[in-house]
Amino acid sequence: MDAVERYPSYDCFGVKITPMTGSDLIDLYRERVNSGNQCVTSYQNMHGLHVRLHDAALERLHRLPETFVYIDGMPLVLLCRLAGVKATRAHRVTFVDFIWSLLELADRENWRVFYLGATEDVLGKGVAVIAERLPNLQLLGHNGYFDAGDSTANRHVLDEIAAFGPNLVLVGMGMPRQEKWILDNLAELAPASVCAVGALIEYVAGAVPVPPRWMGRIGLEWSFRLLSDPKRFWFRYLVEPWAVAGWMLRHVSLRPASELPITIDSSIMGPITAAPAGGTSGAGATDTLVTPVSG
């Protein structure tokens, strides 16, 4: 059974969700990397729900058939349940939870891993931490502070990635910049599988504290981050949820997910069209419906 069938995606009030556990994601990477069949993994959380209200790149990337959108945050587990999708605490996953399992797998399988994101300083510290723990892992990185809209600068990054020949590309430039970059350059990264990872390397490097894992399981990880860095996170955790709630109240009717097609409010997001030039060959199918809930 193909991974798309084994890990079906669902329409949760217009949001694509692929309920997966950390071990499911590891199995997916193993299957796709070893077979040379590219996939994309991304995540959805409350911040992502806010981003999608004003930036269509995230939605375009998520709509691709080979994109798997796992749950990052207990509010999304609740959203799934309201939509009739069977999601549990085990389906709430962040890359921090399984990064070492993934890198250890890459080390055993002799995969080449490329990390794109963060400042040069943070990236260097993160790579050093990984190298100390996994000295034989083939890992290369490039900072995320380049002008992706500049064809020359972007070409330089793509050439560096191509020369390294990675099996796995981790892109950590924050929403929605990382999603737009992946969408625009996905075809050139093939056959490597690509993962949107947010601020992952900052946690690995120790640049920001990792919240206690139990807090994530009960939906309180946000409070740790807010208290640790209020200047960075106050808007995300104290303002954005209200905008998302307002959108939900205006546009969501609580019907079973199986009855809901994927729809986008074009007055908020603009029309969903084909990916920009240079995107994946599958981008033209952005209006394809997400696999519906069965039963």
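Are there any pairs with C-beta distances below 7 angstrom linking a residue in region 18-43 that is part of a loop (DSSP other than H, G, I, E, B) to a residue that is of a type in the set (Lys, Arg), with the two at least 6 apart or on different chains, and if so which?
Close Cβ pairs (under 7 Å, with a partner that is of a type in the set (Lys, Arg)) amount to Gln38/Arg32; Cys39/Arg32.
So for region 213-226 (the condition being assigned to a loop (DSSP other than H, G, I, E, B), among the hydrophobic types (A, V, I, L, M, F, W, C) and modelled with pLDDT under 95), does at least one residue qualify?
There is at least one residue in region 213-226 that is assigned to a loop (DSSP other than H, G, I, E, B), among the hydrophobic types (A, V, I, L, M, F, W, C) and modelled with pLDDT under 95.
Could we say that Ser9 is touching a Ser or Thr at 6+ places or on another chain (Cβ under 7 Å), more than 29 Å from Ala162 (Cβ to Cβ), of a type in the set (Ser, Thr, Tyr) and modelled with pLDDT of 90 or more here?
Yes; evaluated as a whole, the condition is true for this residue.
Quick one: Thr21 ticks every box in (1) within 30 Å of Val239 (Cβ to Cβ); (2) surrounded by 17 or more Cβ atoms within 10 Å (Cβ to Cβ); (3) not acidic (Asp, Glu) except a single one, so which number is it?
(1)
Taking the options Leu116, Leu123, name whichever one is modelled with pLDDT of 95 or more and under 17 Å from the mean Cα position of the chain (by Cα).
Exactly one of Leu116, Leu123 is modelled with pLDDT of 95 or more and under 17 Å from the mean Cα position of the chain (by Cα), namely Leu116.
The values are calculated or read from the model by the stated rules, or taken from the named source; none is laboratory data. All of these numbers come straight from a predicted model, not from anything done at the bench. FYI the Cβ positions are ideal-geometry reconstructions off the backbone, even for glycines, and counts take in every protein chain you see.
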